[in-house]
Each structure stands twice: as structure tokens, then as C-alpha cells.
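Everything on this sheet refers to the single structure shown next.
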Amino acid sequence: MDYESLWAGAESLLDPAIHPLSNLANISAYIRFTLPDINWSGFYFLLDGVLNLGPFCGLPACISIPLGRGVCGTAAKLNETQCVPDVHAFPGHIACDCNSRSELVVPLHLDGKVVGVLDIDSPIPNRFGEPEVAFFTRVASRVERCLTDNRTIWQL
């Protein structure tokens, strides 16, 4: 997979001058429909200790996830990227889409604090490795810039 070419497309959809919701919706669709073997991509944002569903592309999803629960809640609570080869083996996994088999979740930060996560699911076991972690960490960093540059609009 040519992640440098994919980055050029992702970067063009993450413009800090544009409203963050537009950026998040577009990048969710880009991930879902451009990368192979992805069945869900999107965002959850932290409010009062709970991750709340944000823009996404895929089947309907869980609306809220407590910190520390599931892959997303664990990534947010630990402030660590979670790359899970088999979600069925992950303690406390929340199955929003029964077809998901592997998951990659990258925390999002504002002023050094976790404010949400980028969540990507695949129906293929062990779909994500180091190249995907590096690519999605880069995407998350650009998303953080979009949130930072628009904090008065975003209200985080």
C-alpha cells in the first residue's frame, strides 16, 4: 500500500481553515472508501468522561463509550494507540459491527489532553500493522491541528 500517495489525498481533506466537522466527515469517508478492507472509520469525542460518537462512515455505531471500555475507551484512558489484531480476544470489546475483526484506535489531543479518538475497523483479522499505525498517527496529528486552529468553532 502506498501510504505516501494516500497521505496526499488525506492532507487535502484536512484543511485547518475549514470547519472541523467538514474535515472529520470527509476524512472518515476517505479512509472508509480509499483503503482496502476497512468497514468503519470515524471519531469519538470525550465529554464528561464518556466518548461520544462523532462523524463517521460505516454502519450505525455505539453512541457513547465509557473511558476504559472497549478498544476506543482503552485508547482514550491510557492515552495510547491500540492496534488490536483480533477484537474478539480484546477484553471488554464493544461489538458495534459484528463483521469487525481488527481495530486501530489513535488518541486525539488538544493542549496535551486526550479529547477523542480516531477509530478504524476492518473485517479482516490482523489488518493493521506498523505502516497503518504510522499513517493513522499522521492523520490524527493533522486532525489535531484542525481542531486546534478552530477551537472557537469546535468548543473543545
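Read-outs throughout are calculated quantities, based only on the coordinates presented, and are distinct from any laboratory measurement. This is a predicted model, so every value here is computed, not measured. Here the Cβ positions follow ideal geometry from the backbone for every residue, glycine too, while neighbour counts run over all protein chains shown.
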* Estimate the FRET efficiency between Leu59 and Ala89 by the formula 1/(1 + (r/R0)^6), using the beta-carbon distance for r and 22 Å for R0, to the nearest 0.05. => 0.50
* Sequence-separation-based contact order of region 18-156, relative, with Cα cut under 8 Å and 6+ spacing, percent -> 24
* If you stretched the chain out fully between Lys113 and Arg145, how much longer would it get, using 0.36 nm times the residue separation minus the C-alpha to C-alpha distance? -> 10.2 nm
* To do: Considering the options Ser100, Asn126, Asn79, tell which one lies farthest towards the positive end of the dipole of region 74-156, charges being +1 on Lys and Arg and -1 on Asp and Glu at the Cβ, about the Cα centre.
  => Asn79
* Options (1) 32; (2) 28; (3) 11 - which one matches percent of Cα pairs over 28 Å apart as calculated here -> (3)
* Structure fact -> Residue separation between Asp2 and Ile124 times 0.36 nm, minus their alpha-carbon distance, gives in nm 42.0 nm
* Asked: At Leu67 and Glu11, where each label point lies 7 Å from the Cα along Cα→Cβ, what is the point-to-point distance in nanometres?
  -> 3.5
* **Most to least packed among 61-69, 117-125 [average Cβ atoms within 10 Å]** => 117-125, 61-69
* To do: Would you mind getting me the FRET efficiency between Leu21 and Asn99? Use the beta-carbon distance for r and R0 = 30 Å, nearest 0.05.
  => 0.65
* Structure fact -> With -39,500 (n - 2.57) per DSSP H segment of 4 or more residues and division by the full residue count of the chain, the 222 nm estimate, nearest 500 deg cm²/dmol, is -11500 deg cm²/dmol
